[in-house]
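The values are calculated or read from the model by the stated rules, or taken from the named source; none is laboratory data. None of the values given here were measured: they were computed from a predicted structure. Here the Cβ positions follow ideal geometry from the backbone for every residue, glycine too, while neighbour counts run over all protein chains shown. Just so you know, the surface numbers come from the protein's heavy atoms only, side chains and all, with ligands and any DNA or RNA stripped out. Shrake-Rupley method; radii C 1.70, N 1.55, O 1.52, S 1.80 Å.
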Amino acid sequence: MLIRRAARSCAAVFLVAVALAGCRSAPDVAAYVGEEQISVDELQAEIDERLADELVAASAEGREDEFTRAVLGLLLEGAVHDAAAERYGVRVTDREVNRRIEELLGSDDPEAVYDRLAQQGVSRADVRENVRQQLVRREIAEAEGRAEGLDTAALRARYEEVREELAQVEFGYITVSDQVAADALVEQLTADPAAYAELAAGFPGQYTLPALERRAAAELPSALAEPLTAAAPGTAVAVPVPEVGGVVVGFRAGTVYPSFEELRPQLESEALEAVEAEVQPLLAEVRTDLGITVNPRYGVLEEGRLLPPGNGGVVRILEESAAASLPGVPSAD
């Protein structure tokens with residue numbers, strides 16, 4: 001009697017387990033995220049919305065499976081970021097997303113940028129979602145005290161560290177026919193450095209710069225690199241260069257440093273990389289707790305990325321880190 005009851009109990013447990021497993025691999029579900037699910041119909045609606053853009057559709061043609069994985073992957077990461085935002089008590093508004101997109105675009109023509117991204121299969125909705133996720137990660141880092149490098153004081157300190165490495169030589173060169181003319185030009189430039197453009201106009205040609213340029217020392221013309229690097233600001237040097245048929249007078253106006261504001265976007269990008277490294281383990285914990293399950297027809301989810309299908313079967317995530325992507329203008333990888 002006890003044996004039969006135990007057998008029935010084991011059978012019941014087995015049937016429940018099978019039923020639950022079946023619920024997590026229904027053919028009309030693309031993925032499960034915690035208690036929620038992304039249905040196949042919902043996924044297809046997201047795909048169709050993107051393909052309404054002719055440029056996106058042209059990019060996706062012939063690589064439909066890859067495009068589907070990209071869209072599903074973005075939806076999954078969106079759900080993970082929603083859960084992470086709730087866990088850590090952060091919120092990103094549409095206004096903040098708009099402002100960040102404007103910062104990323106800078107002086108670029110928005111339509112031209114969106115068209116280029118669409119040609120790569122990235123829709124406007126994907127751009128917004130990638131930026132939103134980026135901001136969520138940043139907010140989490142700040143909430144958890146892991147974003148010290150992003151404040152203005154830290155950025156200015158970093159600027160002072162790299163300022164000398166980014167110095168540029170402001171220079172010009174004028175080619176004349178002989179040494180006598182070169183010596184006279186050297187004397188004139190040293191006496192009146194502001195007259196460079198006027199003097200250069202008197203010797204037009206392929207080997208004369210009509211206006212001063214700025215380059216890193218390593219990028220100076222080879223024949224002038226050493227003498228210009230050694231020259232004092234506001235002085236000129238004459239270098240015979242037989243290959244150009246004369247004497248090249250190189251003029252060093254001075255050394256120019258990028259301002260903090262000019263360099264700030266690059267400094268912030270560098271700091272954000274460090275923030276990403278701090279936040280990714282927190283996101284990995286959220287993914288683990290959500291217990292994401294992906295329909296194997298769409299691929300295998302590993303470390304936050306949806307990869308092409310492997311050996312089949314229901315695939316559960318759960319690694320300790322996730323890949324991060326922070327392009328200048330975010331894409332929907």
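So what's the net charge close to Tyr298: Lys and Arg +1, Asp and Glu -1, counting the other residues with Cβ under 9 Å from its Cβ? Can you show the working numbers first?
On the way: positive: Arg69, Arg297; negative: Asp65.
Spelling it out: positives minus negatives among the neighbours equals +1.
Tell me which residues come under 5 Å, amide H to amide H, from Ile292 once H is placed; ignore anything under 5 positions away on its chain.
Placed amide hydrogens put Gly34, Ile317 under 5 Å from Ile292.
Give the angle, between 0 and 90 degrees and rounded to the nearest 10, that separates the Cα long axis of helix 124-143 from the longest principal axis of the Cα atoms of the chain.
So the helix axis and the longest Cα principal axis differ by about 90 degrees.
Between Asp115 and Arg264, what's the calculated FRET efficiency when r is the beta-carbon distance and R0 is 45 Å? Round to 0.05.
On the way: r = 28 Å, r/R0 = 0.61.
Step by step, r from the Cβ atoms, then E = 0.95.
Which of rounded, prolate, oblate describes the range 34-164, given a ≥ b ≥ c as roots of the alpha-carbon gyration tensor eigenvalues and a/c under 1.5 marking rounded, otherwise prolate only if a/b is larger than b/c? Could you put the intermediate results ahead of the total?
On the way: a/c = 2.68, a/b = 1.43, b/c = 1.87.
Here the range 34-164 falls in the oblate category.
Which of the GluC sites (Glu not before Pro) across the range 130-187 are loop residues per DSSP, with 14 or fewer other Cβ within 10 Å?
Listed in order of number, the matching sites are Glu144.
Could you let me know the centre-to-centre spacing of the range 227-301 and the range 44-73, using Cα atoms, in angstrom?
Spelled out, the Cα-based centre of one part sits 32 Å from the other.
From the backbone phi of the range 215-221, what are the Karplus-calculated ³J(HN,Hα) couplings (6.51 cos²θ - 1.76 cosθ + 1.60, θ = phi - 60°) in whole Hz, Gly and Pro given as x?
Rounded to whole hertz, the list is 8, 5, 3, 5, 9, 5, x.
Taking the Cα centre of the chain as origin, work out the dipole magnitude from +1 charges on Lys and Arg Cβ and -1 charges on Asp and Glu Cβ, in debye rounded to 20. Provide the component values of the computation, followed by the final result.
Numbers: 30 positive and 60 negative charges, 308 e Å.
Value, rounded to 20: 1480 debye.
Accessible area of the range 113-268 with a 1.4 Å probe: how many percent of it is carbon plus sulfur? List each step's numbers first, then the result.
Numbers: 4110 of 8070 Å².
Result for the range 113-268: 51 percent of the exposed heavy-atom area is carbon or sulfur.
Mind checking which of Gln44, Gln133, Gln280 has the largest fluctuation in a GNM of the chain, springs on alpha carbons under 10 Å?
Gln44
Accessible area per residue for the range 37-103 in Å², computed with a 1.4 Å probe and the full protein assembly in place, what is it? Kindly include the intermediate steps, with their values, before the conclusion.
Values: 3800 Å² over 67 residues.
Accessible area per residue, the range 37-103: 57 Å².
Between (1) 22.4, 89; (2) 30.4, 119; (3) 20.1, 63, which matches Rg and Dmax of the Cα atoms in Å calculated for the structure shown?
(2)
What's the angle, to the nearest 10 degrees (0 to 90), between helix 152-162's Cα axis and the longest principal axis of the chain?
50
What percent do you get for the relative contact order of the range 174-276 when only Cα pairs under 8 Å and 6+ apart count? Before the final figure, lay out the partial values.
Details: 117 pairs, mean separation 32.1, N = 103.
Once divided by the residue count of the range 174-276, the mean separation gives 31 percent.
In sequence order, what are the phi-derived ³J(HN,Hα) couplings for the range 163-176 according to the Karplus relation 6.51 cos²θ - 1.76 cosθ + 1.60 with θ = phi - 60°, rounded to whole Hz, with x for glycine and proline?
3, 5, 5, 9, 4, 10, 8, 8, 8, x, 8, 10, 9, 10
Whose amide H sits under 5 Å from the amide H of Glu302, counting only residues 5 or more places off or on another chain, with H placed in the peptide plane?
Under 5 Å from the amide H of Glu302 lie the amide H atoms of Leu307, each far enough along the sequence or on another chain.
Can you tell me the orientation of helix 179-191 relative to the chain, as the angle in degrees between its alpha-carbon axis and the longest Cα principal axis, to the nearest 10?
70
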